[in-house]
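Structure, as structure tokens:
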Amino acid sequence: MKSLITGLALAMNAVLVAAPAHAQDKVLNLYSARHYQADEALYSNFTRATGIRINRIEAGDEALLERMRNEGKNSPADVILLVDAARLWKAETEGLFQPVRSKVLEERIPAFLRSHDEGKGSQWFGFSTRARVIVYNKQKIRPEQVQNYEDLARPELQGQVCTRSGAHPYMLSLIGAVSEHLGEARAEAWAKGVVGNFARSPRGGDTDQIKAVASGECGVALTNTYYFVRLMRSDKQADRDVVAKVGMVMPNQSSWGTHVNVSGAGVARNAPHRDAAVKFLEYLASDDAQIYFAVGNNEWPVVSSVVPKNPELDSLGKFKVDELPIGSIGRSQLTAAKIIDRAGWR
């Protein structure tokens, strides 16, 4: 299977590189770490509106970055679409993006959700957000016990906390954000407290954490909101039963706000179709695309004027967002990695 996938990827690369010259302005080569089936409509709508055909290569964030490194100046990629601040920052520091100046993007996307503009333009832009929230078992935990991320280290939660691996980008970004707010020493003490409260060794994805809380295996866990809303919207009664057994808290509403992460994209350093790439980024900031992120994958739009048409997502309510610049969360990954290593958060 691995050789088949590799062969298909190489074949696609050959097609991208060999695109006929007369079609250059009507082609966009997209390297995407998003693997949501619902995104098909997002891409087809762009093609329908612009006439620009999208060639797509999909892989995990790190696999795409490694591909870009190997391809170097010969890369056919026009746009790189990644799903975590850590990966966006890494791509930026490795010079895989090029700066973009766009009035549309600068007006519609908040400054803290794009890379720092040093007068040349931003390297990448966030197009959708999700919050990292606390879920708790209604029979075992009182909501006032878990109002803040720091509460997960409280002694009374010993044997109650479940998380996925600390090395996962979702966790690295959260731990990095905590270190930005508390400082490295206090963040490490917090992480050791969380590890001391583990109900089990970290394993599984976010949906697994929610289900473990519902079953009572864990009293409390962390998850991204779109996994929670996905269960809310499920046509399976078993999924909806899971949601009924757990409560959800938007952490740190009385301090710095709830941690959010992004799906974001930038124009590749050697994009052969730069104009099409910028047009695609501007499309992702359009009202239609922003609403689609909310309806298709339960993510919040980044454009403040766009109202999500997703009742379940909307039911989570308004909340204070941690406006720590996403770029600084990316830079804090090295600190976060040291913290999880020293804390034993495997």
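If you check ARG34 against the conditions, is it at pLDDT 95 or above, farther than 26 Å from GLY119 by Cα and charged (D, E, K, R)? So ARG34 fails the test. Checked against (1) farther than 25 Å from MET171 by Cβ; (2) at pLDDT 95 or above; (3) surrounded by fewer than 17 Cβ atoms within 10 Å (Cβ to Cβ), ILE52 passes all but a single condition, namely (3).
When the range 164-200 is examined, which residues are found to be part of a loop (DSSP other than H, G, I, E, B), surrounded by 16 or more Cβ atoms within 10 Å (Cβ to Cβ) and of a type in the set (D, E, K, R)? Before you say what the answer is, go through the steps one by one.
Taking the range 164-200 and keeping what is part of a loop (DSSP other than H, G, I, E, B), we get 164-168, 183, 197, 199-200.
Narrowing the set further to residues that are surrounded by 16 or more Cβ atoms within 10 Å (Cβ to Cβ) leaves 164-166, 168, 197, 199.
Hit for the range 164-200 is ARG164, nothing else.
Evaluated against (1) over 23 Å from the mean Cα position of the chain (by Cα); (2) closer than 30 Å to SER102 by Cα; (3) of a type in the set (Ser, Thr, Tyr), THR129 falls short on exactly one condition, (1). Residues of the range 154-189 that are over 17 Å from THR258 (Cα atoms) and either hydrophobic (A, V, I, L, M, F, W, C) or not assigned by TED's automatic domain parsing to the domain that holds ASN252 (or both): LEU157, VAL161, CYS162, ALA167, ALA185, ALA189.
Taking the range 230-346 and the helices (runs of 4 or more DSSP H) fully enclosed by it, the elements with 3 or more residues that are touching a residue at least 60 places away in the same chain (Cβ under 8 Å) and not aromatic (Phe, Trp, Tyr) are at 274-284, 287-297, 326-331, 333-343.
The values are calculated or read from the model by the stated rules, or taken from the named source; none is laboratory data. Note that this is a predicted model, so its numbers are computed, not measured. Cβ coordinates were reconstructed from backbone atoms using ideal geometry, including for glycine residues, and neighbour counts include every protein chain displayed.
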